[in-house]
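Rule-based calculations on the coordinates, nothing more; no lab input. Model, not experiment: these values are computed from the prediction. For neighbour counting, all protein chains shown are included, and Cβ atoms are generated from backbone atoms with ideal geometry for every residue, glycine included.
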Amino acid sequence: MTLSSHSRPQPKPGILDISAYVPGKSGAKGAKVHKLSSNESPIGASARAIEAYKAAAGTLELYPDGSASALRAAIANRYGLLADNIVCGAGSDELLQLLAHAYLGPGDEAIYSQYGFLVYPIAIQSNGATPVVAPETDYLADVDTILARVTDRTRMVFLANPNNPTGRYLPFSEVKRLHAGLPAHVLLVLDAAYAEYVRRNDYEAGLELVATSGNVVMTRTFSKIHGLAALRLGWAYCPAHVADVLNRVRGPFNISAPAIAAGAAAMADQEFVERAIAHNDAWLPWVTREIAALGLEVTPSVCNFVLVHFPADEARNAHAADAYLQEHGFVVRRMDAYGLPGALRITIGTEEANHGLVACLKAFLS
Ligand SMILES: Cc1ncc(COP(=O)(O)O)c(C=O)c1O
């Protein structure tokens, strides 16, 4: 029996307006597949984190520590923070959702920038609030256009810095200017998922701003530089009153015991992090240069991926390139959902993947 839409349970208003997040593809043809579609670590994870994960298998019958104390202590120790102001989540995605859940409702507005991470509108709309998009300039968030969109209904501003999928960043002076222009009751969420990759003197993830104001939260992830995407682990540094709110609404055991153990070990393994940074430092400029040398426009990135723009003609456009790359074992990310159908986002891979990708693009264009 099929039920008409009137005779079945209905979600809250706004839920059916959400465009579901489409993750990067995994599969492709070819003997060896290089997955360059989700900005994952090309050098795996810390051996110490893997060891800790395996060791946790011995006590799977026990609930985890609901306050993830060991993990929060490891993060606090690494960055010199107050452990009480750290809240961990099942990926930073969960923290973004929890923040929206706790601070947004029908009638509220939340602002994000034009090419901002697509989890923001999902989190905003899931809670019945209205997403407000601030146009970007040259694929970069613009403080003035964001501030111009603040109304008396604005409750939150989401800023990915640096941003996925553009790879660009705002200098800290601009982030401070954004914060200074927001009313004190508006929560500024600084999503710093790619902070570790940034090698610029004028960049800061936002720890100082969190510590010195009452309306800024910074989110971080273990999915990128730490190579632990499969575990689903992220953290937020918050003012005490925001940490208190998140701890009320989160699931009591939202982080699994293996994730707590592996995350704490990963945080302590700076040598691995340095290796991951060195790999990106070597290959991000190489990939950028080589792709640009093929005549394609590459948005300058400070992350572990590049946004590549393709010509408009049917034979050489982004869709044709995506199909060709996939046919040859390179899985990259289409950008249609971001309103960038002419671009592909490509993660920095292993040496073999980077060389292969450039050679494949060259063959495609010739
Ligand atoms: C800007 C940004 N924020 C947050 C996330 C979510 O990361 P996770 O939920 O794996 O911690 C991602 C993942 O791609 C991202 O690109």
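Each principal axis of the Cα cloud of the chain was evaluated for its coordinate range; sorted largest first, these ranges are 60, 58, 48 Å. Mean residue ellipticity at 222 nm, helices only, the chain: -11000 deg cm²/dmol; runs of at least 4 DSSP H residues each add -39,500 (n - 2.57), and the sum is divided by the number of residues.
How large is the charge dipole for segment 106-222, taken about the Cα centre, if only the Cβ atoms of Lys, Arg (+1) and Asp, Glu (-1) carry charge, to the nearest 20 debye?
On the way: 9 positive and 13 negative charges, 27 e Å.
Dipole about the Cα centre, nearest 20: 120 debye.
What do you get for GluC sites (Glu not before Pro) in segment 10-78 restricted to DSSP loop and a cutoff of at most 13 other Cβ within 10 Å of the site's Cβ? Hits after loop and neighbour filter: 61. With contacts taken as Cα pairs under 8 Å at a separation of at least 6 residues, the chain carries a relative contact order of 24 percent. Charge tally around residue 78: other residues with Cβ under 14 Å, Lys/Arg +1 each, Asp/Glu -1 each, net -1.
Å³ per residue of the Cα convex hull, for segment 76-137? Working shown, then result.
Values: hull volume 6.8 nm³, N = 62.
Dividing the Cα hull volume of segment 76-137 by its residues yields 110 Å³.
Of all DSSP beta bridges in the chain, what percent run antiparallel (nearest 5)?
Values: 19 of 39 bridges.
In the chain, DSSP labels about 50 percent of beta bridges as antiparallel.
Relative intensity of segment 1-90 on a log10 scale, I(q)/I(0) at q = 0.17, 0.20 Å⁻¹, equals -1.03, -1.08, per a Debye sum over C-alpha point scatterers of equal strength in the absence of solvent. Of all lysines in the structure, those lying under 30 Å Cα to Cα from residue 35, and not within fewer than 8 positions of it along the same chain, are 25, 54, 224, 362. Projecting the Cα atoms of 307, 338, 276 onto the charge dipole of segment 217-366 (Cβ charges, centred on the Cα centre) puts 338 farthest toward the positive pole. Normalised size of segment 17-56, defined as Cα radius of gyration per 2.2 N^0.38 Å with N residues, equals 1.71.
Here, segment 167-224 has an Rg and a Dmax of 11.4, 32 Å when only alpha carbons are counted. About the centre of its Cα atoms, the chain shows a dipole size close to 540 debye [charges on the beta carbon of Lys, Arg (+1) and Asp, Glu (-1) only; nearest 20 debye]. If you sort the three axes of the alpha carbon gyration tensor as a ≥ b ≥ c, you get a/c of 1.5 or more for segment 39-95 and a/b no higher than b/c, which makes it oblate.
Please work out the Cα convex hull volume for segment 137-209 and give it in Å³ per residue.
On the way: hull volume 6.7 nm³, N = 73.
For segment 137-209, the hull spanned by Cα atoms encloses 91 Å³ per residue.
Using only alpha carbons, segment 236-358 has a radius of gyration to Kirkwood radius ratio (Rg to Rh) of 1.11. Using only the C-alpha atoms, the convex hull of segment 64-196 corresponds to 118 Å³ per residue. In summary, the helical segments of the chain meeting the span-like criteria, namely a full DSSP H run, a Cα extent along the axis of 24 angstrom or more and a mean Kyte-Doolittle hydropathy of at least -1.0, are 270-293. The Rg/Rh ratio of segment 102-171, with both radii computed over alpha carbons and Rh defined as the Kirkwood radius, is 0.96. Size descriptors for segment 208-285 (Cα atoms only): Rg and Dmax, in that order, 15.0, 44 Å. The label point for residue 17 and the one for residue 50, both projected 7 Å from the Cα toward the Cβ, are 4.7 nm apart.
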